[in-house]
Amino acid sequence: MLYDKIKIYIKESLTYDHKKLVEGFEFLEQLKPSLRFKLITQLFNKSFINEFKHIFVYENMTCGKEFISYFTSQLYCRVFIANQTIIKRGEHFSELYMIFAGTVTLSLRTKDQNEYFKLYTTNYFGDYQILLGLRASEVFKSSVEGSTFTFCLKKKDLLEVINTFPDAKQLFLQRAYKRRIEFRRIKKQFEYEADVS
C-alpha cells in the first residue's frame, strides 16, 4: 500500500513538473516571445493552461502571453496524501497552490474541527496571502477520500514574475484584495451561524 502511494506520487510529480521539463533548455530563453508562448502552450495546454485559464484573467484585465509562458514554465507538482495538513493556521505560505485533483478543506483553527469551506479542482489558494504578506488565518488540509494533487509556484518565483510584468501585477493584486474580502466574509458568516469565534 505504501509502495503504491509512493509510485503514484513519483509518477504524478514527474508528469506534471513543468519546471523540471524545461530546466536546462537554455534555448527557451532565447526564443522570440511568440514562439516561446506557442511552445509552452503546446507542452502544457491540456494539463494546465486549459484548466486554469481563469488565473490569467480578472474583470477586464488579461495577463500577456509572456507572463503566461514564464508563470507556466515554473510550475511543479505536489501530492498530498489523504487528510494531510497542507498549511497550518499562522504559517506563511511558501507556495501558490492550484488544485488539479482532489479537494482542500478549510478549518477555523484546528484540522478536522469547524470545517467551513471546501476548494475543488481548478481552485487555487495562497495567492492573496503571498501578495499581501499575510499568514494563514485558517487550516488547509487535503481530501479525506484520497490524495490531493496541486500545481505549485514558489513564493519567490511568483513575486519575481509578478514584479517583471506590471499589468499582471495589477491584475493579481486587485484580485487578491477582493479574494481576501470574500474569504473573510465566508469565514465570518460560518462563525456567526455556528456560534463560534
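Computed quantities for the displayed model
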read-out	value
Single condition Tyr177 does not satisfy, out of (1) farther than 19 Å from Phe48 by Cβ; (2) touching a strand residue (DSSP E or B) at 6+ places or on another chain (Cβ under 7 Å); (3) of a type in the set (Ser, Thr, Tyr); (4) modelled with pLDDT of 95 or more	(2)
Scan of the range 149-166 for residues that are touching a residue at least 60 places away in the same chain (Cβ under 8 Å) and farther than 19 Å from Ile49 by Cα, ordered by number	Lys155, Thr164
Residue within the range 133-143 that is buried (at least 18 other Cβ atoms within 10 Å of the Cβ), closer than 23 Å to Ile68 by Cβ and not aliphatic (A, V, I, L, M) present	no
Index of the failed condition, Lys118 passing every other in (1) out of contact with any His (no Cβ under 8 Å at 6 or more places or on another chain); (2) over 23 Å from Phe52 (Cα atoms)	(2)
Members of the range 108-125 found to be closer than 13 Å to Ile186 by Cβ and of a type in the set (Ser, Thr, Tyr), listed by number	Tyr116
Those residues of the range 57-81 which are more than 20 Å from Lys32 (Cβ to Cβ) and either aliphatic (A, V, I, L, M) or under 15 Å from the mean Cα position of the chain (by Cα) (or both), in sequence order	Val57, Met61, Leu75, Tyr76, Cys77, Arg78, Val79, Phe80, Ile81
Qualifying position, being in contact with a Ser or Thr (Cβ under 8 Å, 6 or more places away or on another chain), surrounded by 14 or more Cβ atoms within 10 Å (Cβ to Cβ) and modelled with pLDDT under 90, among Tyr70, Tyr97, Tyr116	Tyr70
Qualifying positions in the range 167-194 - touching a residue at least 60 places away in the same chain (Cβ under 8 Å) and aliphatic (A, V, I, L, M)	Ala168, Leu171, Ile186, Ala194
Members of the range 79-94 found to be touching a Ser or Thr at 6+ places or on another chain (Cβ under 6 Å) and within 29 Å of Pro166 (Cβ to Cβ), listed by number	none
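The values are calculated or read from the model by the stated rules, or taken from the named source; none is laboratory data. Please read these numbers as outputs of a predicted model, since none were measured by experiment. Cβ coordinates were reconstructed from backbone atoms using ideal geometry, including for glycine residues, and neighbour counts include every protein chain displayed.
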